[in-house]
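**Student:** Take a look at the following structure, please.
The values are calculated or read from the model by the stated rules, or taken from the named source; none is laboratory data. Everything numeric in this text was worked out from a predicted model, so none of it was measured. In this analysis, Cβ positions are derived from the backbone assuming ideal geometry, glycine residues included, and neighbour counts consider all displayed protein chains.
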Amino acid sequence: MPTGSFRSLIIPNFGLPFSPKPRSFIRKERKKKKKQKMAPENHLSVRAVLAGLLAASGPGVVAAVPNGRLHELATAAGKLYFGTAVDNPEIKDNTYKTILGNKFDFGQVTVGNTQKWQFTEPNQGKFDYRQADEIVNFAKSNGQQIVRCHTLVWHNQLPSWVESGNWNRDSLTRVINTHVSNVVGHYKGQCYAWDVVNEALEDNGNFRNSVFYRVLGTDYLPIAFKAAAAADANTKLYYNDYNIEQAGNKQQQALKIVDIIKRGGARIDGVGLQGHFIVGQTGSRDQLAAVLNSFVAKGVDVAYTEVDVRHSSLPPNARALQQQADDYGNIVGACLAVKRCVGITVWGASDAHSWIPSVFPGQGAATLLDANNNPKPAYNKVRDVLGAAGQNAGGQVRRRRSRRARQARKARAVKA
């Protein structure tokens with residue numbers, strides 16, 4: 001895409017406020033519609049309207065996100081947000097920064113890297129929030145008020161003083177309390193949710209042999225959650241992990257983590273299912289929803305927190321891209337099917353900025369936009385699934401309003 005060619009297009013809200021009409025009026029209107037054929041232009045979709053806008057705007061204009069309102073569609077469907085992770089180097093790329101800052105598409109931001117321990121407390125007792133503040137302030141500047149903060153206690157990206165310290169139970173407990181209370185306190189009132197503990201489990205479901213587990217056993221979980229709750233009573237507190245999206249031993253152990261935290265006297269509000277999938281291996285919508293519901297049954301919210309769906313071989317052909325689209329559709333559909341699934345966060349919006357190739361060589365193309373920031377079939381699928389759910393939700397609201405209006409008219413008639 002040539003520099004400066006990106007233009008963000010905002011599609012107007014074509015919805016009109018609902019106004020109940022008398023039955024006689026409705027019957028007359030229905031008869032008119034049966035007798036008259038609507039002119040072709042009345043059948044124009046939003047997509048067609050956008051195509052016309054693009055054509056009128058001249059050559060060189062690229063719609064990075066056609067109908068780019070995934071967040072708005074998600075909220076219309078009853079979810080709190082649709083969002084993306086953002087890392088500091090990404091907002092140095094002006095084109096990508098504009099995409100990430102489109103609050104209509106990505107109404108929620110996760111701090112991708114710089115709230116981790118090695119950045120926020122690189123030396124014991126010396127806190128540095130400059131890089132993380134940059135992402136939080138970026139979200140605020142775009143009106144993206146929903147910020148997921150990530151993460152407080154994790155075995156990875158620890159400074160050496162934590163990893164190699166000669167700790168006992170009391171001293172490591174103090175270290176956790178000091179770190180968590182300072183970091184959460186610094187962002188008090190700014191984070192919708194915190195991933196308090198991240199990836200406590202190995203792939204086989206055993207507890208990870210981290211410095212925290214070696215010294216404190218599973219007690220470090222409620223210790224961290226208590227400290228976070230004390231520092232900000234209003235933020236949502238999550239346990240976050242990968243490979244718990246499908247039924248299996250690790251998923252079962254993650255369910256037990258919820259119990260461990262609660263038994264320890266701490267508050268846990270949600271479980272984050274990261275959602276790093278491989279194309280063709282996500283499972284069906286119903287299978288994914290069943291796992292979400294297994295956590296909801298523990299009395300917590302759920303969210304997909306780091307979604308991407310990577311191709312195991314590159315470049316993907318048209319069939320593989322369609323499979324990826326179907327996989328994304330199943331993930332979104334599963335969240336829509338579960339009332340306490342609050343939202344979906346993708347782990348980066350564009351293949352140009354994905355973490356996958358550096359960790360899984362030869363794999364990639366995992367996000368909604370290609371390396372040139374053009375929408376892939378996956379983007380369109382997510383949009384369509386969210387849009388259909390929003391229309392259904394709107395129809396239900398209108399039917400409820402209509403039912404209440406009929407009941408009110410009957411009540412008035414009885415009184416008369």
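**Student:** Every residue in segment 294-303 that is over 14 Å from Gly248 (Cα atoms) and not in a strand (DSSP E or B), please.
**Tutor:** Val296, Ala297, Lys298, Gly299, Val300
**Student:** Considering only residues that are of a type in the set (D, E, K, R) and under 18 Å from Gln157 (Cα atoms), which ones fall in segment 192-227?
**Tutor:** Once the filter is applied, which keeps residues that are of a type in the set (D, E, K, R) and under 18 Å from Gln157 (Cα atoms), segment 192-227 yields Asp195, Glu199, Glu202, Arg208, Arg214.
**Student:** Another question, if that's okay. Condition first: assigned to a helix (DSSP H, G or I), more than 30 Å from Thr218 (Cβ to Cβ), among the basic types (Lys, Arg) and touching a helix residue (DSSP H, G or I) at 6+ places or on another chain (Cβ under 6 Å). Can you find one or more residues in segment 285-292 that meet it? Quick ask: steps written out before the conclusion?
**Tutor:** Initially, segment 285-292 is screened for residues assigned to a helix (DSSP H, G or I), giving 285-292.
This time we only want the ones that are more than 30 Å from Thr218 (Cβ to Cβ), so: 285-286.
Still in the running and among the basic types (Lys, Arg): 285.
Filter again for touching a helix residue (DSSP H, G or I) at 6+ places or on another chain (Cβ under 6 Å), leaving 285.
Looking for residues that are assigned to a helix (DSSP H, G or I), more than 30 Å from Thr218 (Cβ to Cβ), among the basic types (Lys, Arg) and touching a helix residue (DSSP H, G or I) at 6+ places or on another chain (Cβ under 6 Å), one finds at least one in segment 285-292, hence yes.
**Student:** Have a look at Asp269, Asp232, Asp308 and point out the one that is in contact (Cβ under 8 Å) with a residue 60 or more places away in the chain and acidic (Asp, Glu).
**Tutor:** Details: Asp232 fails: in contact (Cβ under 8 Å) with a residue 60 or more places away in the chain; Asp308 fails: in contact (Cβ under 8 Å) with a residue 60 or more places away in the chain.
Selected residue: Asp269, the only one of Asp269, Asp232, Asp308 that is in contact (Cβ under 8 Å) with a residue 60 or more places away in the chain and acidic (Asp, Glu).
**Student:** Sort through Phe119, Phe106 and tell me the only one that's aromatic (Phe, Trp, Tyr), under 30 Å from Gly333 (Cα atoms) and modelled with pLDDT of 50 or more.
**Tutor:** On the way: Phe119 fails: under 30 Å from Gly333 (Cα atoms).
Of the residues listed, the single one that is aromatic (Phe, Trp, Tyr), under 30 Å from Gly333 (Cα atoms) and modelled with pLDDT of 50 or more is Phe106.
**Student:** Quick one: is Glu90 of a type in the set (Asp, Glu) and either in a loop (DSSP other than H, G, I, E, B) or within 19 Å of the chain's Cα centre (by Cα) (or both)?
**Tutor:** It is true that Glu90 is of a type in the set (Asp, Glu) and either in a loop (DSSP other than H, G, I, E, B) or within 19 Å of the chain's Cα centre (by Cα) (or both).
**Student:** Right, next: Name every residue in segment 85-122 that is of a type in the set (A, V, I, L, M) and crowded, with 18+ Cβ neighbours inside 10 Å, in order of residue number.
**Tutor:** If the condition is that a residue be of a type in the set (A, V, I, L, M) and crowded, with 18+ Cβ neighbours inside 10 Å, then Ala85, Val86, Ile99, Leu100, Val109, Val111 are the ones that fit.
**Student:** Which pairs turn up if I take residues in segment 112-131 that are farther than 16 Å from Val153 by Cα and look for partners that are at pLDDT 95 or above and among the basic types (Lys, Arg) with beta carbon separation below 6 Å, at least 6 apart in sequence or on another chain?
**Tutor:** As it stands, the answer is none, since no pair meets every condition given.
**Student:** Output the helices (runs of 4 or more DSSP H) that fall wholly within segment 185-278 and possess 2 or more residues being of a type in the set (Lys, Arg) and surrounded by 16 or more Cβ atoms within 10 Å (Cβ to Cβ), or say none.
**Tutor:** The qualifying helices (runs of 4 or more DSSP H) are 249-263.
**Student:** Here is a follow-up. Can you find a residue in segment 327-334 that is within 26 Å of Ala228 (Cβ to Cβ), modelled with pLDDT of 95 or more and not hydroxyl-bearing (Ser, Thr, Tyr)?
**Tutor:** Taking every residue of segment 327-334 in turn, none turns out to be within 26 Å of Ala228 (Cβ to Cβ), modelled with pLDDT of 95 or more and not hydroxyl-bearing (Ser, Thr, Tyr).
**Student:** Hey, can you tell me all the residues within segment 127-177 that are under 21 Å from Gly348 (Cβ atoms) and hydroxyl-bearing (Ser, Thr, Tyr)?
**Tutor:** Selection gives Ser141, Thr151.
**Student:** Among the residues of segment 148-179 satisfying the criterion of being under 17 Å from Asn123 (Cβ atoms) and β-branched (Val, Ile, Thr), which is surrounded by the fewest Cβ atoms within 10 Å (Cβ to Cβ)?
**Tutor:** Out of the qualifying residues, it is Thr178.
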